[in-house]
Amino acid sequence: MSKQKLWWENIPAQIGGDLNSINIGTIGGDARNVNIAAGQNIQQTIQDILGAPTPNDKKTIEKQVADLNAALAKLHGQVDANTAKMAEFQIKLLGGELTKTDEKETPSATTITSVGDWLMDNVPQIAEAVIGLFATPAVGKVVGKAGEVAIKWVRQRFGGASAPA
């Protein structure tokens, strides 16, 4: 069985930063629109890999967040009560950022990365569910919206992770 490639493994090493970029499409069989982007944290690469946001992305993310909550609930009695309460809060906070799928909403890279780190460091028993959440293409689109800092964090934190089954 071959390992499924995770979305962050398909992204070129340098995708953001302070740059001006012009991509001119080829006219013909694989024609693309002309894409012009100026500024920081260019998101075109994420959309090229994962596709444009869809109306179902938010529901997909909400389900993954519910799965993360379920993984935490299974640990009842195995994790310190204060840690479990804090984890519930952190998951709610993370869900709030990751469900910012509307084009007018900008998720916070700082919140995503700090909550992700907290969950992985303080409740390692749910690491598989956290990785599963971040491996979801819909979440990848939101991470892309959050910017280069969030993308780099995902790569560094989960770079060697296996794709969830």
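Odds and ends about this structure:
- Those aspartates and glutamates that a straight Cα-Cα span of less than 14 Å connects to K145, excepting residues fewer than 8 apart in one chain: D48, D57, E97, D102, E103, E105
- Surrounding net charge for I112, when Lys and Arg each add one and Asp and Glu each subtract one, Cβ distance under 14 Å: +3
- Ignoring lysines fewer than eight residues from K152 along the same chain, the ones with Cα atoms less than 30 angstrom from its Cα are K3, K5, K58, K59, K63, K85, K92, K100, K104, K141.
Quick note: the coordinates plus some simple rules give every number you see, no bench work behind them. Everything numeric here is computed off the predicted structure, so don't read it as measured data. Methodologically, a virtual Cβ is constructed for each residue, glycine included, from the backbone with ideal geometry; neighbour enumeration extends over all protein chains shown.
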